[in-house]
Amino acid sequence: KGQRRLFSVFNTEVYKNTHHSSGRFCFQASRTLWEKTTSFQISSAGQLPHRFAAWNIQIARPFRTSPSFQAAPFPLFWIIVKPAQKLFAIILGRSIRKWWRALPPHKQELFKESARKNKWKILLGFSGLGVLFVMFYFTHLEETPITGRPRLLVFGKEHFRELSQMEYDMWMEKFKSKMLPETDARYQVVEKVFGHLCESSKDIPQVSALKWVIHVVDEPEINAFVLPNGEVFVFTGLLDAACDIDQLSFILGHEIAHAVLEHAVKKASLVHFLDFLSLIFLTVIWAICPRDSLAVVGQWIQSKLQEFMFDRPYSRTLEAEADKVGLQFAAKACVDVRASSVFWQQLELANTVLGQQKLPEWLSTHPSYENRAERLDRLIPEALKIRESCNCPSLSEPDPRLIFKLTKQDFLESSEDQEPPNSTKRDISKPKRDFPHT
């Protein structure tokens with residue numbers, strides 16, 4: 001149903017005028033949700049710009065595949081060196097432990113006494129090492145495009161983009177039998193929406209510099225991602241979940257933001273920097289633990305602390321940044337930015353109705369649906385100002401967020417009022433909410 005609503009737009013008059021067009025809003029959680037719950041639909045009138053000039057997009061042609069392999073998102077040299085670094089740290093720490101145990105007791109005492117006498121020299125040495133790490137960090141900071149936020153970049157961006165071709169080959173090999181042709185209506189809708197976003201933000205050098213290539217994958221997963229070299233992958237499950245062009249525009253704007261802000265390079269740089277620091281702690285763990293089994297446990301604890309204290313929070317920060325910039329891209333494209341928070345509220349409701357387990361946000365690499373919706377609601381007033389500065393047509397009423405709120409309430413009430421299998425007829429004295437809009 002969601003797909004039909006989306007790609008049916010392509011066959012109507014919706015793309016024929018720059019400033020006068022129509023869109024649809026409805027509550028659409030997912031195909032599974034509609035199979036298990038009562039379906040309903042709310043429609044309203046809106047105005048969406050859908051015509052645009054040529055943009056920098058290459059149509060995906062028949063491709064040659066390469067052997068499948070897993071390509072990590074950082075330079076090839078570190079793919080090889082990284083495991084060797086950890087192995088070297090483990091061997092070094094274990095060797096120090098064995099050397100210490102082999103020392104006679106009197107020599108151990110002499111070594112401790114010598115350490116106490118030279119404690120300031122030792123402290124100075126570690127301090128100097130710390131200063132080197134700090135200097136390395138601050139000398140590799142650059143300004144993030146658009147946001148101006150400082151970021152750590154260890155790898156060359158061009159080299160990183162070239163190596164992302166390996167990951168692209170891996171995905172193409174995996175989905176080669178599921179790629180939709182460019183004649184498919186779903187592909188054409190994604191192409192037009194993505195092209196409109198790129199055309200609206202072509203004044204941003206990072207947007208016009210990339211050669212965007214679109215791939216629509218026939219997969220039920222609600223997902224989309226973009227590689228650093230501009231290869232865009234959109235799953236049909238996302239088209240099922242997106243209720244209208246506005247929501248789809250925001251999600252694609254979010255993916256454009258990931259590429260423009262070079263989040264893959266930033267994430268790989270931070271992970272590499274933290275991994276290099278963790279080698280010191282890894283060596284210490286294997287040196288001081290009396291047994292290898294305890295050292296393995298200590299290494300696992302150290303890796304989990306790094307993951308949940310640095311890696312995952314940083315990943316959530318990048319997602320929030322992509323939401324913010326993606327909303328700005330959508331505003332410049334004159335779409336209804338108010339629908340952005342509704343998308344995450346729909347997924348939140350779908351998970352609730354289907355009884356899916358809700359994990360704490362700190363366990364995830366992405367912010368929760370609820371927090372993303374709340375954050376977008378705070379950003380929407382700023383996005384509306386951007387939209388107004390671009391001379392976009394006025395937004396129609398009612399607000400999609402209000403429609404969803406009322407629809408959600410009515411849906412939950414009707415679900416509670418559904419009669420059990422062996423119950424009598426439902427009480428019809430309770431009035432049913434009516435929506436007086438077209």
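The values are calculated or read from the model by the stated rules, or taken from the named source; none is laboratory data. Nothing here was measured: the structure is a model prediction, and the numbers come from that model. Quick reminder, even Gly has a Cβ in these numbers, built from the backbone with ideal geometry, and neighbours come from all protein chains shown. Each accessible area value is taken on the protein alone, full model and side chains, heavy atoms only, with ligands, DNA and RNA left out. Shrake-Rupley method; radii C 1.70, N 1.55, O 1.52, S 1.80 Å.
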**Report entry** Pairs where the first residue, in segment 206-218, is touching a residue at least 12 places away in the same chain (Cβ under 8 Å) and of a type in the set (Val, Ile, Thr) and the second is open to solvent by 10 Å² or more (accessible area, probe 1.4 Å) and part of a strand (DSSP E or B), C-beta under 9 Å, 6+ apart
**Finding:** 213/57; 213/58; 213/231; 214/57; 214/58; 214/231; 216/179; 217/179
Report task. Scan segment 259-293 residue by residue and report those that are under 28 Å from the mean Cα position of the chain (by Cα), farther than 30 Å from residue 238 by Cα and either in contact (Cβ under 8 Å) with a residue 40 or more places away in the chain or buried (at least 21 other Cβ atoms within 10 Å of the Cβ) (or both). Result -> 272, 273, 275, 276, 277
**Report entry** Residue under evaluation residue 198, criteria (1) more than 21 Å from the chain's Cα centre (by Cα); (2) modelled with pLDDT of 90 or more; (3) assigned to a helix (DSSP H, G or I), criterion not met
**Finding:** (1)
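Quick one: which residue in 317, 365, 352, 407 is surrounded by 16 or more Cβ atoms within 10 Å (Cβ to Cβ) and among the hydroxyl-bearing types (Ser, Thr, Tyr)?
Working: 317 fails: surrounded by 16 or more Cβ atoms within 10 Å (Cβ to Cβ); 365 fails: surrounded by 16 or more Cβ atoms within 10 Å (Cβ to Cβ); 352 fails: surrounded by 16 or more Cβ atoms within 10 Å (Cβ to Cβ).
Exactly one residue qualifies, and that residue is 407.
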Query - Only one of 251, 256 that is within 19 Å of residue 232 (Cβ to Cβ) and either basic (Lys, Arg) or in contact with a Ser or Thr (Cβ under 8 Å, 6 or more places away or on another chain) (or both) - result: 256
Requested in this report: Restrict the check to segment 323-341 and report whether at least one residue is open to solvent by 50 Å² or more (accessible area, probe 1.4 Å) and either of a type in the set (Asp, Glu) or touching a His at 6+ places or on another chain (Cβ under 8 Å) (or both).
Outcome: no
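Quick one: which residue in 367, 381 is modelled with pLDDT of 90 or more and not in a helix (DSSP H, G or I)? Give the derivation first.
On the way: 381 fails: not in a helix (DSSP H, G or I).
Criteria check complete, one pass: 367.
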Query raised in the report: Could you count how many residues in segment 263-297 are of a type outside the set (A, V, I, L, M) and in contact with a Leu (Cβ under 8 Å, 6 or more places away or on another chain)?
Result: 7
Report task. Tell me which residues, restricted to segment 181-200, are crowded, with 20+ Cβ neighbours inside 10 Å and hydrophobic (A, V, I, L, M, F, W, C). Result -> 189, 190, 193, 194, 197, 198
Query raised in the report: With respect to residue 394, is the statement that it is among the hydroxyl-bearing types (Ser, Thr, Tyr) and in contact (Cβ under 8 Å) with a residue 24 or more places away in the chain true?
Result: yes
Query raised in the report: Only one of (1) more than 18 Å from residue 329 (Cα to Cα); (2) open to solvent by 10 Å² or more (accessible area, probe 1.4 Å) is not met by residue 225, so which one is it?
Result: (1)
Query - Those residues of segment 372-402 which are open to solvent by 30 Å² or more (accessible area, probe 1.4 Å), over 26 Å from the mean Cα position of the chain (by Cα) and of a type outside the set (D, E, K, R), in sequence order - result: 389, 390, 391, 394, 395, 396, 398, 402
Query raised in the report: In segment 132-170, which residues are open to solvent by less than 80 Å² (accessible area, probe 1.4 Å), of a type in the set (A, V, I, L, M, F, W, C) and modelled with pLDDT of 75 or more?
Result: 133, 134, 136, 166, 170
Requested in this report: Give the residue, chosen from 177, 208, that is at pLDDT below 95 and in a helix (DSSP H, G or I).
Outcome: 208
